[in-house]
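Just below is one structure, and these are the notes that go with it.
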Amino acid sequence: MDETTLPLTELLATDLDDGFTELVRTQAGTVRAVLLRLSGSARDADDLGQETFLRAYSALRGYPPERRGQLQPRAWLLTIAANVWRNHVRTLSRRPGVADGIEVTTIEIPDGCPGPEQLALDGARRARLVAALSRLPDHHRLPVVLRHIGELSYQEVAGILDCPVGTVKAQVSRGLAALRAEPGLAADRATHGAAGAKTAAAKTTHEPARTERKEATG
């Protein structure tokens, strides 16, 4: 068997460099999507993603092959990403006057679909959703993003946050309820219906997190 066809964890165990290349190829999109939703900044998401993978490679070099072969790659990487983001937030909190803007213009829309008028409407709805997510307190935003953008199980999120599963479920539920209560999102549901709101959410996340799109936008 060609070693490139090995399962990712087995490849990591047998050839760290090739395994890490495959880890980046398969997981970089998810890591960036999570960090983009947490930070609200494409530039920060890129920088934090790079730091996440640097830390991951450094950690993997210190692991024996047996441990590398037993990893749950996505949950493991998102644990590192969450810690990197939290360190970033702590650093920003010590810098007075740092803007906490949301770069909605960096969220791309796939080509070949709606015309200019629909794009303008979708962009406005998407901006409202992104802004609403950014207003969630960290203890709600992080579990919501890990669960529905990172597509981790409640058990995996609980492991990352070091808290009971029931606590994670409550935090996610409250976070989604807060999103539903946002006046702008409620207006979108009333004006455009669930389908239009779900379309905006889909383009915002760039991930197949169908549950989050349904719950967060009605």
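Each residue, Arg135 and Ser153, gets one label point 7 Å from its Cα in the Cβ direction; the gap between the two is 3.5 nm.
Distance between the pseudo-spin-label points of Arg55 and Lys169 (7 Å out from Cα toward the beta carbon): 2.9 nm.
Hand me the trypsin sites (Lys or Arg not before Pro) from the stretch 1-98 located in a DSSP loop with no more than 14 other Cβ atoms within 10 Å, in residue order please. Please list the in-between numbers first.
Details: sites: Arg25, Arg32, Arg37, Arg43, Arg55, Arg61, Arg67, Arg68, Arg74, Arg86, Arg90, Arg94; in loops: Arg94.
Of the trypsin sites (Lys or Arg not before Pro), the ones in loops of the stretch 1-98 whose Cβ has at most 14 other Cβ atoms within 10 Å are Arg94.
Modelled spin labels at Ala181 and Arg67, positioned 7 Å past Cα toward Cβ, are 4.3 nm from each other. Here r is the Cβ-Cβ distance between Arg90 and Ala124 and R0 is 35 Å; the resulting FRET efficiency, rounded to 0.05, is 0.60.
Coordinate-derived values only; no laboratory data. Computed from a predicted model, the values in this text were never measured in an experiment. All Cβ positions, even for glycine, are placed from backbone atoms using ideal geometry, and neighbour counts span all protein chains on display.
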